[in-house]
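The values are calculated or read from the model by the stated rules, or taken from the named source; none is laboratory data. Not measured: the values here are computed from a predicted model. Counting neighbours? That spans all protein chains shown, and the Cβs are built from the backbone with ideal geometry, glycine included.
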Amino acid sequence: MTVGKLYAVSRLKRARISCLNTRAVNVSGSLDCICFDKTGTLTEDGLDMWGVVAVSTAVSPPILGRPQRDPRNMNDLHDLKIGMACCHSLTLLNGELAGDPLDLKMFESTAWKLEEPEVPERAHYEMLTPTVVRPKGAANINVDDLHVPLEVGIVSQYQFVSTLQRSSVAVRLLGEDVIRVYCKGAPEMLRTLCRPDTVPTNLNEVLSSYAEKGYRVIAMSTRIMEVTFKQLQKMKREEVECDLEFLGLVILENRLKAATTGIIQELKEANIHVVMITGDNIHTAVSVAKECGILMSGERVVHINVEYGTGLPHLYCESTMHGVGVGGRVSFEREWRSIDSGHGSWRSTSNHPADTEDPPRHPRYKIVMNGDTWKALREQYPSAVGRVIERGAVFARMSPDQKQQLVLEYQALGYYVGMCGDGANDCGALRAAHTGISLSELESSVAAPFTSTQPDIVCVARVLREGRAALSTSFGVFKFMIAYSLNEFFSVAFLYYFDANLTDFEFLYIDVVLIVNFAFFFGMTEAYRGKLCNIPPLTSLLGVVPLVSITGQMVLFAVAQYLAYLALTYFPWYVRHTYAGAEANECWENYAIFAISMFQYIIMTVVFSHGSPYRRSVITNKHLMISVIVMTGLCVYITVAPPDWLASFFELKMPKDRLMAYIVIALASFNFVLALFFERCIVEYLMEGKQMIPKFVKERHVRKTPHLMIKRQLTDVDYLNCDSVVKFDKETKSDMFCSGSE
């Protein structure tokens, strides 16, 4: 049963994908939901500086001014430029800058330089000299009517924390007595830390315009603190990162990887639920999702958001009313939904003209949300989670814990979930998923069972193919071993009826020369190279399809053995075997049953070695085909005209008429044709491909799989009268939550 996994792991290794847990190989073949991180997974690792948008204080209240594409053209004394030059955790390694790619790109765009003084390792910590950044050109500041060089010493750092969505530094300019704090992070987070009078009035508009185009937007802020270095060290981070002044936005480009769009399309065509989970801005995430195909043209996008006030959180929707244009911008027309605290029902307050149109019976829509909404949804409306994530496509501003929670929620719906990511923020989700795939330059990562050194999501399709091939191989080997055991049992039981049995060397020939030989080469068939099939392979060894397959084949094999004996009885020289001792098994019945059964083991090898859509054709498995051809020739040789020593070795009583041998070969050929027809046409095509299985079996499967129940309800009715679920309302043409009280 493990042979398929071993060969799959070997093939994955050649494709630069290492596997720490072979059990995950078979599980990966069952995946029907794939979650992707965005940055570094769907998009390129590196970022390109697009420009900056500084706050204009020439007007009151302040606004964000015109963008400046090259930060080098800004005044070196501008706080936004100083913040870009010092708010990072970069260091020098062998004279080269090293650190976070975003920090590196931001610092390089300022054309400043970084210096780290050499300090003895035993120096007292209070004597350590801070890292200094300064412009490469001549720049001075005026201190007490003296012109001194512009140098910024980084005296304290507060590293980036995903839950806080920000990082900051405390610096001191040469000649100044005050401490300056520069903080960068998510614009939504920084605006809550800044003084309201410094937040530009057009922040939301400008932020959305860049985020919707797929740019990564970082906000920068500052404050001046009249404290000493010792006082600063005693202050909590929350005391430092408050009462900030909003400085502006830093805009960076993050392009899709070349392989992303094609793989996403292939996964969706294979009926796999594709989800993006990212810590980035919701508008940026939606734009990237639209560009790579996670959100399709014509799909309605519903953005569920949250407002916190007194009592329970208020959820509301923002949505596109007419689908998402492939090349256009993703914008949301606001429809407010407020919750009735009495019984949890949703009321529409939308006055949009489109609300009066007749709704389609089967609306196509996807749900997007951010981490705050996810938190409120899980805590306040847990019964709605399943229906929301069934339509979910993009989850933005998600913390590492929330990513893991989402993966677990999908698993609770009955999905086999895969997770693909490249950062430390994805470790929890990678471990929680049924199959985690880490994109890493390292040979292997303990965060996930699979690690790909190829830095794109092509590895996801490759793991799926190999997993499906391994799963198909496991089922084939399982059926082969069961059928082999039952067929040998039928042969022995049939011969027992005539007071005979298979000889010791006949058993040895079947078990070692045939079975072990075929089992060794069985898993060498490679994974299918075409498109992924939209129906995943079977996952239950004792399901209806495997049992029907084995039962049908055993009926054919038993009938063929009986016909071989029946043909033997029509010859005039045939005499029924009489018992002459436990070791006296040399008889014509033994010859007929052993001869036909030899071919049946070869037949079941070919028949159970399934090809497309999960594996390549069995004829591409050269080792197995050579083995089958050689064994077939050997079996024909033993059946038709074995030399005396070989017949004596097997204790065969050869028939007096060679016609009996030809009848056995003809029966074996006919058995092969019927077995192949039954397996390929009845089992694979009708039962697996066309899903022509008893209705009660389908219903039982749907009832046992929550996401299939939800999917049926969301597509089979116009609205659902249930507690806290997404519904399609005829009057408002909008997706909302409803309660059972309606």
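Of note:
- Applying the criterion of being over 29 Å from GLY153 (Cα atoms) and among the small types (Gly, Ala, Ser) to the residues of the range 193-231, the residue that is nearest to the chain's Cα centre (by Cα) is GLY214.
- Positions within the range 622-645 being farther than 26 Å from LYS656 by Cα and either part of a strand (DSSP E or B) or touching a Phe, Trp or Tyr at 6+ places or on another chain (Cβ under 7 Å) (or both), in sequence order: HIS623, LEU624, SER627
- Checked against (1) over 15 Å from MET481 (Cα atoms); (2) out of contact with any helix residue (DSSP H, G or I) (no Cβ under 9 Å at 6 or more places or on another chain), PRO536 passes all but a single condition, namely (2).
- Checking THR551, THR578 one by one, the residue that is surrounded by fewer than 17 Cβ atoms within 10 Å (Cβ to Cβ) and in contact (Cβ under 8 Å) with a residue 60 or more places away in the chain is THR578 and no other.
- Residue in the range 78-91 that is at pLDDT below 85 and not hydroxyl-bearing (Ser, Thr, Tyr) present: no
- Among the residues of the range 216-246, the one identified as in a helix (DSSP H, G or I), of a type in the set (A, V, I, L, M, F, W, C) and within 30 Å of MET49 (Cα to Cα) is VAL240.
- Filter pass, ALA54 being outside the structural domain of MET398 (by TED's automatic domain parsing) and either buried (at least 19 other Cβ atoms within 10 Å of the Cβ) or more than 21 Å from GLY476 (Cα to Cα) (or both): yes
- Considering the range 494-539, the residues that are of a type in the set (S, T, N, Q) and under 30 Å from VAL458 (Cα atoms) include one that is nearest to the chain's Cα centre (by Cα), namely ASN534.
- Output for the range 506-534, where each listed residue is touching a residue at least 60 places away in the same chain (Cβ under 8 Å) and surrounded by fewer than 15 Cβ atoms within 10 Å (Cβ to Cβ): PHE520, ARG529, GLY530, LYS531, ASN534
- Long-range neighbours under 9 Å by Cβ, at least six apart or interchain, first residue in the same structural domain as LYS479 (by TED's automatic domain parsing) within the range 660-677, second surrounded by 13 or more Cβ atoms within 10 Å (Cβ to Cβ) and among the charged types (D, E, K, R): none
- Meets criteria (in contact (Cβ under 8 Å) with a residue 40 or more places away in the chain, farther than 28 Å from VAL181 by Cβ, among the hydrophobic types (A, V, I, L, M, F, W, C) and surrounded by fewer than 20 Cβ atoms within 10 Å (Cβ to Cβ)) for LEU256: yes
- Residues in the range 24-63 that are under 26 Å from VAL199 (Cα atoms), out of contact with any strand residue (DSSP E or B) (no Cβ under 9 Å at 6 or more places or on another chain) and either of a type outside the set (S, T, N, Q) or not in a loop (DSSP other than H, G, I, E, B) (or both): ALA58, VAL59, PRO61.
- Scanning the range 247-271 for residues that are out of contact with any helix residue (DSSP H, G or I) (no Cβ under 9 Å at 6 or more places or on another chain) and under 15 Å from LEU532 (Cβ atoms) yields LYS268, GLU269, ASN271.
- Residue in the range 137-154 that is of a type in the set (S, T, N, Q), surrounded by fewer than 21 Cβ atoms within 10 Å (Cβ to Cβ), at pLDDT below 85 and over 20 Å from CYS87 (Cα atoms) present: yes
- Matching residues in the range 64-116 - criterion: being in a helix (DSSP H, G or I) and aromatic (Phe, Trp, Tyr): PHE107
- In the range 194-221, the residues that are under 13 Å from VAL286 (Cβ atoms) and basic (Lys, Arg): LYS213
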